[in-house]
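Just so it is clear, none of the values below were taken in a lab; they were calculated from the coordinates. All values derive from a computational prediction rather than experimental measurement. Using ideal geometry, Cβ is built from the backbone for each residue, glycine included, and neighbour counts are taken over all protein chains shown.
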Amino acid sequence: MKIHYKYKTIMVGFAFMSIMAFWQMYDNIIPLILKNSFSLNEVLIGAIMAIDNILALFLLPLFGTLSDKLHTPIGKRMPFILAGTLLTNIALFFMPMADNSRNLAMFMVMTGLVLLFMSVFRSPAVALMPDITPKPLRSKANAIINLMGTVGAIFALAMISVLVAEGDTPNYQPLFVSIIIFMIITTAVLALVVKENKWTEEAHKINIELGEEEDDKAETLESSGEHKLPYDKKRSLIYMLLSVALWYMAYNAVTTAFSRYATTIWGTTGGSYANYLMIATVVAIISYIPIGILSGIFGRKKVILAGVIGLMLGFAGCFFATKAGVFITIMFIIVGISWAAINVNSFPMVVDIASDGDIGKFTGYYYTFAMAAQVLTPILSGAFLQYVSYKTLFPYAVVFSALALLTMLQVKHGDTLPVTKKSMLEHLDVED
């Protein structure tokens, strides 16, 4: 009896759940520690918070590639996940201790180690999903993975709400310990339940039967050094990665500067601007599974193109808005659905261009271009905001979305042909 692919995806998703819990805590708490405990200015805080993105440019492809080449009885990704999680949690434990003792040197060393050790297993952990999932189902599986990541992020936010006491000098040790315990539990579930080698081989056999992969993997492995990625696939890969960078340039420019734009241009007060970002996020979460289903019907590329066009329309609508209100809510609903359409399908398209043995490396490529955009776009869009006008924000996002549309049109690989339900049920032993 074959195991239902949703069960496999959920089990593998514990890795992403762990990662997202950590980053939610890290992004919310570390800037507060740097500001309140160590009295650093905003420029230094911004520079320190950018370190993880800068490290990701180099380390994620490195460890993704290394995991492709590793073969052990527990799999090629699992050793990186187990070692990376263990080392991360050891360093993470000492960060609040450094905060409480106001030891900046120790805090920075531990922060650097945490970011390094997180890089060890991020690409291998994310690569597990495409490893164990047949190609036609990777968009649906990625939707489930995104939902599980959201659960991890919600857990971290809940712990922040419950465990961080009010006051000028809160003790963050209980919060950090809660995240450490969460990461240990999720990783333990992953290690005990996931049969990486077995599940990967099962997915590979299904891909062969569906005509999605060649039986002889050596003929297509770029990582072996014996054969290069064919020119047409390499061209699609380049355009796909450029598309990833361009739509992150658009989206992250808006999310980074939206609070300032809303208060300056629309006159919002307090934290009311956050309602629009929350609406977009909630709508995206609700859309993940339906979009995964639609992608199996219409194809990933068409759904992504619709998403990019939706981003353009949503951002353009916000540019013409003169005040906060229902119209902007509608625009951010469109943005949320559109971003989900892109997110669910872009990573599966990148890794499907890869041969079966290069998934870790291509996972690293995906995150390199996404992270590079997130490093660059706050600087570039910020220059327009400061030296031209705040009103450049949404035109900036529309332009980069349009560029992403143009590059995405050039992608000819990474999509998957719809598979009849009967055929897929036979392969996966799923009840109708």
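Annotations
- Translational diffusion coefficient (Stokes-Einstein; Kirkwood radius from C-alpha pairs) of the stretch 5-212 at 37 °C, 0.692 mPa s, in µm²/s: 183
- Estimated inter-spin distance, residue 51 and residue 282, nm [label 7 Å along Cα→Cβ]: 3.7
- Using only side-chain charges placed at the Cβ, +1 for Lys and Arg and -1 for Asp and Glu, the dipole size of the chain relative to its Cα centre rounds to 720 debye.
- Contour minus Cα-Cα distance for residue 86 and residue 264 (0.36 nm per residue): 59.6 nm
- Residue 165-residue 72 pseudo-label distance in nm [points 7 Å out on the Cα-to-Cβ vector]: 4.1
- Neighbour counts of other Cβ atoms within 10 Å put 344, 114, 162 in the fewest-to-most order 162, 114, 344.
- Look at where the Cα atoms of the stretch 308-381 and of the stretch 240-270 average out, and the two centres are 11 Å apart.
- Per-pair calculated FRET efficiency, R0 = 51 Å: residue 208 and residue 97 via Cβ, rounded to 0.05: 0.45
- Counted by neighbouring Cβ atoms within 10 Å, the residues 20, 49 run from fewest to most as 49, 20.
- At least 24 Å along the helix axis (C-alpha) and Kyte average at least 1.6, DSSP helices within the chain: 104-132, 173-193, 274-298, 326-353, 393-409
- Anisotropy class of the chain from Cα gyration tensor, a/c 1.5 cut: oblate
- Remark: the residue 289-residue 28 segment gains 91.2 nm on full extension, using 0.36 nm per residue and subtracting the alpha carbon distance.
- Note on the chain: helix-only mean residue ellipticity at 222 nm, from DSSP H runs of 4+ residues weighted -39500 (n - 2.57) and normalised by residue number, equals -26500 deg cm²/dmol.
- Near-label residues of the stretch 117-145 by backbone N, under 15 Å of a point 7 Å along Cα→Cβ of residue 4: 141, 144
- 193, 43, 126 arranged by Cβ crowding within 10 Å, fewest neighbours leading: 43, 193, 126
- Residue separation of residue 272 and residue 189 scaled by 0.36 nm, minus their Cα-Cα distance, works out to 26.0 nm of gained length.
- Whole-angstrom gap from the stretch 10-60 to the stretch 64-135, using each part's C-alpha centre: 13
- Rough spin-label spacing in nm, given labels placed 7 Å along Cα→Cβ, for residue 320 and residue 228: 4.8
- Within the listed set 365, 261, 288, the residue fluctuating most in the Gaussian network model of the chain (springs between alpha-carbon atoms under 10 angstrom) is 261.
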